Structure formats: C-alpha cells, structure tokens
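Asker: Sharing a structure below in structure tokens format, with a few things to ask.
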Amino acid sequence: MIWKFLLRLLKKDTHIEEQYDVMKKYLIVGLGNLGSEYAETRHNIGFKVLDELAKQEDLTFETLKLGDITTYKLKGRTFILLKPNTYMNLSGKAVLYWLTKEKIPLENLLVITDDLNLPFGSIRVKTKGSDGGHNGLKDIQEKLNTTKYNRFRFGISDAFSKGKQVDYVLGEWSIEEQNALKERLEQSSKIIKSFGLAGISNTMNTFNGK
C-alpha cells in the first residue's frame, strides 16, 4: 500500500513538473514570405526581427515541418523561434501545428508582424485585437479560432499613394529606414526576451510607444 501511495505521489509530482516546464516554453512567430526577393521588404519584418535575435545569440535556423525553427534558452525559459514557410496568408497552419506539437499554452504565443497604421519603427505589443486587414493575422485568427493572442506590431507607416499599398508593403526599405532599423531590431530582441522573463503586461508597459 505504501509503495502504491508513493508511486501515485511520484506520478503527481512528475505531472506538476511537466506542467511547470510547459509554462516556461514560448513560441515566438515572425511573419514573412520566403524567398530572397522578399528578404528586405517591409512585409518581412517578422522574419527580420527573429533573424536579428538569432544573429545576436549565434542561433541557426533549421527547416522543419511548416517552417524554419531555432531554439533559444534564457534563464530557465525556452523560446522557440518560428518563421513559417507557408507564405503569409497560410501562417496560421504553422502556428497551430507548433503550438500543439510543443504543448505551448496560447498565452505564451507572440506573433511579430508589420503594421501600416503605426509610424515607421513604432512598437505596439498587445494581448488581442483584430487582424487589421493583415492576411497573416487573419489566417492565425481563423486557425486558432480566437483574436486573443499576443502580437508584436512593428510600424512600417502608410507613406504610399492611393492604390500603391501592395507595392509599398512588398517594397524594400528606404535608405533612411535601413539606417534606423539596427536600433529598432535591437529593441525588438529585448521585447522578445522581456515577454518570456517579465510577462506580457510588464513588456507592454516597458516598451509600447518607445
């Protein structure tokens, strides 16, 4: 009887430990389109942010199911960085797959995307919201069946003339934007780390509008 009790206790402790480990795992998704022709476009800022963090921490992406993946460990937290290879309008498929596979709770998801409604370089971290006409966010919302997931919006401004939105979004950064990107990307890496270490609320209070 004692052995059965100890066995049950051990199983319970193991289950609690597994739950705790899951809570310390995060999925960071950068949205973009594959291909060298898209690499330096405004629409690919999600990829660019993750590439910057990978460069800083000497991480290497590996092509796995539905995306390029690398793992970053920091102070007991595990950050899984994902660049979906499904193209923008099917991003939700990759997000749902890796959330499920890694047993990551929805509150530990952070999606990085461009935002036309914010001035260039402006940062806004939110816990929910509409897709704002963004095809990547629209698909994620449909696949997850909720608008309540964390997103990190990186402003690209709306400096385009009527009817030129697609050309602008898929256009490359201006010289001025390129010069300013380095500092903005460094700030973006800090946001990702803060999300895992300090939580979403503290991250919003610290970085929004800066």
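The values are calculated or read from the model by the stated rules, or taken from the named source; none is laboratory data. Here the structure is a predicted model, which is why all the values come from computation and not from measurement. Positions of Cβ are generated from backbone atoms using ideal geometry, with glycine treated the same way; all protein chains shown enter the neighbour counts.
Asker: Please give the number of the condition residue 35 fails out of (1) surrounded by fewer than 18 Cβ atoms within 10 Å (Cβ to Cβ); (2) at pLDDT 95 or above; (3) within 30 Å of residue 168 (Cβ to Cβ); (4) not aromatic (Phe, Trp, Tyr).
Answerer: Of (1) surrounded by fewer than 18 Cβ atoms within 10 Å (Cβ to Cβ); (2) at pLDDT 95 or above; (3) within 30 Å of residue 168 (Cβ to Cβ); (4) not aromatic (Phe, Trp, Tyr), only one is false for residue 35: (2).
Asker: Anything in the range 71-92 that is without any contact (Cβ under 8 Å) to a residue 24 or more places away in the chain and crowded, with 18+ Cβ neighbours inside 10 Å? List them, or say none. Steps first, please.
Answerer: From the range 71-92, those without any contact (Cβ under 8 Å) to a residue 24 or more places away in the chain are 71-73, 86; that's our starting set.
Selection gives 72, 86.
Asker: So which residues in the range 44-68 are over 17 Å from residue 188 (Cα atoms) and either surrounded by 18 or more Cβ atoms within 10 Å (Cβ to Cβ) or of a type in the set (Gly, Ala, Ser) (or both)? Quick ask: steps written out before the conclusion?
Answerer: Within the range 44-68, the first condition is being over 17 Å from residue 188 (Cα atoms), and the residues that meet it are 60-68.
Correct list: 66, 67, 68.
Asker: Something else about it: Out of 161, 194, I need the residue that is among the hydroxyl-bearing types (Ser, Thr, Tyr) and at pLDDT 95 or above. Which one?
Answerer: Values: 161 fails: at pLDDT 95 or above.
Just a single option satisfies the conditions, and that option is 194.
Asker: Restricting attention to the range 93-152, which residues are closer than 28 Å to residue 171 by Cβ, part of a loop (DSSP other than H, G, I, E, B), in contact (Cβ under 8 Å) with a residue 40 or more places away in the chain and among the aliphatic types (A, V, I, L, M)?
Answerer: 116 - this is the single residue of the range 93-152 that is closer than 28 Å to residue 171 by Cβ, part of a loop (DSSP other than H, G, I, E, B), in contact (Cβ under 8 Å) with a residue 40 or more places away in the chain and among the aliphatic types (A, V, I, L, M).
Asker: If you don't mind, another one. Residue check, residue 172 against (1) closer than 25 Å to residue 55 by Cα; (2) buried (at least 16 other Cβ atoms within 10 Å of the Cβ), all met but one. Which one?
Answerer: Residue 172 satisfies all of (1) closer than 25 Å to residue 55 by Cα; (2) buried (at least 16 other Cβ atoms within 10 Å of the Cβ) except (2).
Asker: Using the structure shown, decide if residue 181 is out of contact with any strand residue (DSSP E or B) (no Cβ under 9 Å at 6 or more places or on another chain), at negative phi and either among the polar types (S, T, N, Q) or buried (at least 17 other Cβ atoms within 10 Å of the Cβ) (or both). Outline the logic, then answer.
Answerer: Numbers: out of contact with any strand residue (DSSP E or B) (no Cβ under 9 Å at 6 or more places or on another chain): yes; at negative phi: yes; either among the polar types (S, T, N, Q) or buried (at least 17 other Cβ atoms within 10 Å of the Cβ) (or both): yes.
Here the answer is yes, as residue 181 does meet what is asked.
Asker: So, residue 186, is that one assigned to a helix (DSSP H, G or I), modelled with pLDDT of 95 or more, more than 15 Å from residue 41 (Cβ to Cβ) and out of contact with any Ser or Thr (no Cβ under 9 Å at 6 or more places or on another chain) or not?
Answerer: yes
Yes/no matrix, rows are residues, columns are (1) of a type in the set (A, V, I, L, M, F, W, C); (2) in contact with a Ser or Thr (Cβ under 8 Å, 6 or more places away or on another chain); (3) in contact (Cβ under 8 Å) with a residue 40 or more places away in the chain; (4) over 23 Å from residue 34 (Cα atoms):
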position	(1), (2), (3), (4)
172	no, yes, yes, no
190	no, no, no, yes
193	no, no, yes, yes
202	no, yes, no, yes
207	yes, yes, yes, yes
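Asker: Can you say whether residue 96 is of a type in the set (A, V, I, L, M) and either out of contact with any strand residue (DSSP E or B) (no Cβ under 9 Å at 6 or more places or on another chain) or farther than 20 Å from residue 44 by Cα (or both), as far as the supplied structure shows?
Answerer: yes
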